[in-house]
Amino acid sequence: MENQKPNPVVWFEIYVNDMARAQKFYETVLDIKFDDLPMPSDEGGLAMKFFPNEMNNFGAGGALCKMEGFAAGGNSTLVYFGSEDCSIEEARIEKAGGKVFKSKFSIGEYGFIALGTDTEGNMFGLHSMA
């Protein structure tokens, strides 16, 4: 077990139906800007917008994805975004067109979380220690 990585998640993808709408939602709620990466022409209907990512910092990188034949929502993956106080981002969810599913609540010694759904029907989480 000495070679085991402490954090197994290395990447995530949130599938969307409307890239512009989803990009605006996450940029508003998380107060970020996405990075564009042109996709090779042979990727057949795949579009991606990358969340800001620092390779040398804690946490996993990820992207919004739009792909022919793969609809948003209804999947069983839940991504949690870290923050200083998840009630700040929670307050932006409905203004950005999403819905708060469960307001900030304690998870004991592990901090606090809030759950929301984005404009594409995907549930996501917010986590903070305060």
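What whole-number value in Å² describes the accessible area per residue of the chain for a 1.4 Å probe?
Here the residues of the chain average 64 Å² of exposed surface.
Report, in debye and to the nearest 20, how large the dipole of the chain comes out about its Cα centre when Lys and Arg carry +1 and Asp and Glu carry -1 on their Cβ.
Computed about the Cα centre, the dipole is about 360 debye.
Let me know the longest stretch in the chain that avoids all trypsin sites (Lys or Arg not before Pro) found in a DSSP loop with at most 14 other C-beta atoms within 10 Å.
Segment 34-94 is the longest.
So, counting K/R as plus one and D/E as minus one, what does the shell of residues with Cβ under 11 Å around Ile32 add up to?
Taking every other residue near Ile32 into account, the sum is -2.
How are the C-alpha pair distances of the chain spread across 10 Å bins, as whole percents from the shortest bin up?
All Cα pairs, binned at 10 Å, distribute as 12, 41, 35, 11, 2 percent.
Using DSSP, restrict attention to beta bridges with both residues in the chain and report what percent are antiparallel, rounded to the nearest 5.
Among the beta bridges of the chain, antiparallel pairing accounts for roughly 70 percent.
Among the GluC sites (Glu not before Pro) in region 45-130, which ones are in a DSSP loop with at most 11 other Cβ atoms within 10 Å of the Cβ? Mind listing them?
When the GluC sites (Glu not before Pro) of region 45-130 are filtered for loop state and at most 11 Cβ neighbours within 10 Å, Glu54, Glu68, Glu84 remain.
Expressed as a whole percentage, what fraction of the accessible surface of the chain belongs to carbon and sulfur atoms when a 1.4 Å probe is rolled over the protein heavy atoms?
Its accessible area is 53 percent carbon and sulfur atoms.
The values are calculated or read from the model by the stated rules, or taken from the named source; none is laboratory data. In this text, all values refer to a predicted model and were calculated from it rather than measured experimentally. Cβ atoms come from the backbone with ideal geometry, glycine included; neighbour counts cover every protein chain shown. Heavy atoms of the whole protein, side chains included, go into the accessibility calculation; ligands, DNA and RNA do not. Shrake-Rupley method; radii C 1.70, N 1.55, O 1.52, S 1.80 Å.
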